Amino acid sequence: MTGTMSDFRKAADEVRNWGRWGDDDELGTLNFITPDKVREAAGLVKKGSVISLGGDFSAGGPQGAFKFRQNPVHVMTVDGGDASTLVEYGPQWLRNAVAADMSAFFADNPFRFNDDLIVMPLQAATQWDAMSHVYYEDKLYNGFPADSVTSFGAFHLGIEKVDSKGITSRGVLLDVVAHRGEDTFCRPGTPITADELDEIAAKQNVEIGSGDIVVVHTGWWTRFLETGDGGEAGSGLHWTCASWLHHREVAAVASDNLMVEDPDPGNGVEGTFLPMHMLCLRDMGLMLGEYWDLGPLAADCAADGVYEFQLVAPPLKVVGAVGAPVSPIAIK
Ligand code: UVW
């Protein structure tokens, strides 16, 4: 069912954290991650197993459904054949500019190197949304003006601002795929509600506490790996889950789908766009992780019955960026 603007305003007033950690705060709910919390998370490492939650960054990524986001373009700028090939075939300017360098590096020397370059949207695959990613009514989180994000980047709430928090904390996986008895992924049509999150936590015998990072398995990435279809809709969190995250003092939330929240506007709020993004990033200051690969972690948790772990997920420090790639790991 679609929510109304008045439902949205009520939720926004309830979850808004502006001023809670000071007028100049740019960490938002990451403030819930205290030194004690980091110690608690490190104490969850028992088996010494490391599980990657990062998807591949490649031309075969999930982008393409929206024209403003492309898959990564990755090219080699130096490879072992350059010295001989460029000297033999390259035009004069290239020989002067590059081949001479390469020849100098490589001539009579078997110790060589390769270099490369990548062009891509920072949102191409596994990523964090920075708090500067979305806004409404000209305000970002904590009341910073929306026009502080300029063509030179975000002067407030850029992704590099969260560096002091790692990001690392206790991670908790909530496995919606297993709970719903799905084979691979949660099909579109039924958003994940706060009650369902509570049911899953109870079933998994795990509690969500202050400073935790909640990781929601919908199976979308596993499905994408099978089909290669990055445009397929799936299920996501109902926008009202923002209040659930707020009351539990969750530090951040991540999922394996393209927007964490349910993609169907019919399950959103009339007259808004990405209502859960707005409540989480703009009102609460709570970061969203998208396109995480949660299949292997879900399998591991199902096997040992342990759904909590040390999560280590530092975003790439791209100064002024409104989001950044990440290769998260869960350590158990
Ligand atoms: C948008 O689609 C605007 O954002 P996200 O990639 O965070 O879902």
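The table below lists the values:
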{"item": "Interchain or long-range residues, amide H under 5 Å from Val269's placed H", "result": "Gly3"}
{"item": "For the stretch 65-75, 3J(HN,Hα) per residue [Karplus equation, 6.51 cos²θ - 1.76 cosθ + 1.60, θ = phi - 60°, Hz, x = Gly/Pro]", "result": "5, 10, 5, 7, 10, 10, 6, x, 10, 10, 10"}
{"item": "Amide proton proximity set for Val260, modelled H, under 5 Å, gap of 5+", "result": "Tyr291"}
{"item": "Cut-off under 5 Å, modelled amide H: who pairs with Phe309 long-range", "result": "Gly171"}
{"item": "Taking Phe224, Phe273 and counting other C-beta atoms within 10 Å, the order from fewest to most", "result": "Phe273, Phe224"}
{"item": "Equivalent ellipsoid semi-axes, the stretch 1-97, via Cα gyration tensor eigenvalues times 5, rooted, Å", "result": "48, 26, 18"}
{"item": "Members of Lys139/Lys332; Lys67/Lys203; Lys47/Lys203; Lys37/Lys161; Lys67/Lys332; Lys165/Lys332 lying beyond 31 Å, as alpha-carbon distances in this model show", "result": "Lys139/Lys332; Lys67/Lys203; Lys67/Lys332"}
{"item": "Two-decimal log10 I(q)/I(0) for the stretch 5-57, as the Debye equation yields it once each C-alpha is a single scatterer, q = 0.29 Å⁻¹", "result": "-1.09"}
{"item": "Relative intensity, log₁₀ I(q)/I(0), of the stretch 116-203 from a Debye sum that treats every alpha carbon as a point, q = 0.19, 0.21, 0.24, 0.25 Å⁻¹", "result": "-1.03, -1.05, -1.13, -1.17"}
{"item": "Per residue convex hull volume, Cα atoms of the stretch 179-332, in Å³", "result": "124"}
{"item": "Under the Debye formula (equal points on every Cα, no solvent term), log10 I(q)/I(0) of the stretch 53-201 at q = 0.20 Å⁻¹", "result": "-1.26"}
{"item": "Isotropically averaged projected area of the stretch 146-185, using the convex hull of Cα atoms (one quarter of hull area), nm²", "result": "5.5"}
{"item": "Cα-based Rg / Dmax (Å) for the chain", "result": "22.0, 74"}
{"item": "Antiparallel DSSP beta bridges within the chain, percent to nearest 5", "result": "65"}
{"item": "The stretch 121-132 - phi-based ³J(HN,Hα) in whole Hz, Karplus 6.51/-1.76/1.60, Gly and Pro as x", "result": "x, 5, 9, 4, 9, 3, 8, 9, 7, 6, 5, 7"}
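Any read-out appearing in this document is the output of simple, stated calculations on the displayed coordinates, not a laboratory observation. These numbers come from a predicted model, not from an experiment. Glycine gets a Cβ as well: all are built from the backbone with ideal geometry, and neighbour counts include every protein chain shown.
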